[in-house]
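Only the coordinates and a few stated rules stand behind these numbers; no lab work does. Everything numeric in this text was worked out from a predicted model, so none of it was measured. Cβ atoms come from the backbone with ideal geometry, glycine included; neighbour counts cover every protein chain shown.
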Amino acid sequence: MSTDDDFSFALPAFQPDEALQRLKRELREAGLTEREGRFERRGTVLARAAVDAGTLKLARVRRPSRTSPEWLEKTARQSSDVRDFVADLKRQLAQWSDSDD
């Protein structure tokens, strides 16, 4: 085997539209309902997502609130960012009790 062999490869380009579809599916599986780019549980908005200029703009609430939620925003530029967002949101969903809704 030659020492000049290069096994590196380029990752596929990030497709925000496809990532948004996967995100929607995962959040539905987590028990959230989608309404116009916002995801809620029992009428309380907990997350939102939108495609913006080749990226995916994501946000989740710091704490569930029906009046004025405080948003934690994130821009996803690759699939791992979306996976991290979903994992973090699922972790928060497990921590928030029914009294927080």
In segment 50-72, is there at least one residue being within 17 Å of Gln21 (Cα to Cα), aliphatic (A, V, I, L, M) and in contact with a Gly (Cβ under 6 Å, 6 or more places away or on another chain)? yes
Taking Leu93 as meeting all but one of (1) surrounded by fewer than 16 Cβ atoms within 10 Å (Cβ to Cβ); (2) in contact with a Lys or Arg (Cβ under 9 Å, 6 or more places away or on another chain); (3) among the aliphatic types (A, V, I, L, M), write down the number of the exception. (1)
Test of understanding: among Val82, Val61, which residue is more than 19 Å from Trp96 (Cα to Cα), surrounded by 13 or more Cβ atoms within 10 Å (Cβ to Cβ) and among the β-branched types (Val, Ile, Thr)? Val82
Quick check: anything in segment 33-54 without any contact (Cβ under 8 Å) to a residue 12 or more places away in the chain, in contact with an Asp or Glu (Cβ under 7 Å, 6 or more places away or on another chain) and hydroxyl-bearing (Ser, Thr, Tyr)? yes
